[in-house]
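The values are calculated or read from the model by the stated rules, or taken from the named source; none is laboratory data. Not measured: the values here are computed from a predicted model. In this analysis, Cβ positions are derived from the backbone assuming ideal geometry, glycine residues included, and neighbour counts consider all displayed protein chains. Ligands, DNA and RNA are excluded from the accessible area calculation, which covers all protein heavy atoms including side chains. Shrake-Rupley method; radii C 1.70, N 1.55, O 1.52, S 1.80 Å.
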Amino acid sequence: MPHGRSPTSRSSRSWWPRWSKRRRNATHWSRASMAAESGLSKSTVGRIWKAFGLKPHQVDTFKLSNDPQFIDKVRDVVGLYLDPPEKALVLAVDAKSQIQALDRSAPVLPMMPGMPERRTHDYLRNGITTLFAALDVASGRIIGSIHRRHRATEFRKFLIKIDKEVPADLDVHLICDDYGTHKHPNIIRWLAAHPRFHMHFTPTYSSWLNQVERWFGLLTEQRLQRGVHKTLRALENDIRDWIKTWNDDPRPFTWTKTADEILERLASYLQRIPGAGH
């Protein structure tokens, strides 16, 4: 590339289709391999990648929903986030199951100057538990309940707890996934007896639409992922303490995308996938 020519000039734009194919002996290009193949310098390849926003070393994943009511459910849930009903509480609800109480086979060695925290790669399992959580999308406050099993019986107990904690003059709109527990006959009967509760389901394979999943991510990153728990009770107490600390200064998540923006972006993805349908 001549000196002073923009990486997005005509020559670099014609250069891109030629090298957009995969390498013969690797799954992706590196700056060095593309420079060797094309005759350009590594710095030139880097400038072209930056200009086009290309990052061959990174990969992302996606899962298409096969829910026939996908569009309607997206509009329903996003509508609750952006324009919640009056005199109502909107709760994003789910269960984080199979949370393991893990203890390392040797004590964790703390971080020191010039040395990261160190721990053994193997661990001891001390049981599993399940956290049911409801995120108030307006305030960020969490209603949580811990149970050793994940059945309709436990979910019903959780609904009873929500019913007790939410003021009686408010309707309750629950955003849930379509897990069988949430549609069990016992749950349907309980909901029929408590008409202020309204269920809203996210589309299949669309947990990203439920804000409580983001909160679960924070719990995992900040308390569970590097935690050490010698007993199941210690794990459960840790989770309760984290919820209490969170609720002392709750932080709601801000939903910014409209349903139309989400659906338009999905449509653009589908156009790039052969045989993905409409």
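Straight-line cross-link reach from K244 at under 12 Å between alpha-carbon atoms covers no aspartates and glutamates, not counting any fewer than eight positions away in the same chain. Return the FRET efficiency for the residue pair R148, D260: r is the Cβ-Cβ distance, R0 is 45 Å, and the value is rounded to the nearest 0.05. The formula returns an efficiency of 0.55 here.
Computed from backbone phi with θ = phi - 60° and the Karplus coefficients 6.51, -1.76 and 1.60, the 3J(HN,Hα) list for the stretch 158-166 is 5, 4, 4, 5, 4, 4, 6, 8, 8 Hz; x is used for glycine and proline. With θ taken as phi - 60° and the Karplus curve 6.51 cos²θ - 1.76 cosθ + 1.60 applied, the whole-hertz 3J(HN,Hα) list for the stretch 181-198 is 4, 6, 10, 5, x, 5, 6, 4, 5, 4, 5, 5, 7, 10, x, 6, 8, 10 Hz, x standing for glycine and proline. Look at (i) 24; (ii) 43; (iii) 14: the one that is percent of Cα pairs over 34 Å apart derived from this structure is (ii). Only protein atoms count toward the accessible area here, which uses a 1.4 Å probe; on the chain, the carbon and sulfur part of that area reaches 51 percent.
Using Cα-Cα distances under 8 Å and only pairs 6 or more residues apart, what relative contact order does the chain have, in percent?
RCO, the chain: 20 percent.
On a straight-distance basis, which lysines could pair with K55 in a cross-link, Cα separation under 29 angstrom, same-chain partners fewer than 8 positions away excluded? The reachable lysines, counting only those whose Cα sits under 29 Å from K55, are K21, K42, K63, K257.
Subtracting the Cα-Cα distance of D60 and T27 from 0.36 nm times their residue separation leaves 10.4 nm of extension gain. Across the stretch 19-83, C-alpha contacts under 8 Å between residues 6 or more apart give a mean separation that, scaled by the residue count, equals a relative contact order of 22 percent. Of all aspartates and glutamates in the structure, those lying under 13 Å Cα to Cα from K230, and not within fewer than 8 positions of it along the same chain, are D103, D238. Our estimate of slack between R214 and K50, defined as 0.36 nm per intervening residue step minus the Cα-Cα distance, is 56.1 nm. Shape analysis of the stretch 116-171 places it in the oblate category; the axes a ≥ b ≥ c from the Cα gyration tensor give an a/c of at least 1.5, with a/b not above b/c. Taken per residue, the accessible surface of the stretch 26-75 reaches 71 Å², heavy atoms only and a 1.4 Å probe.
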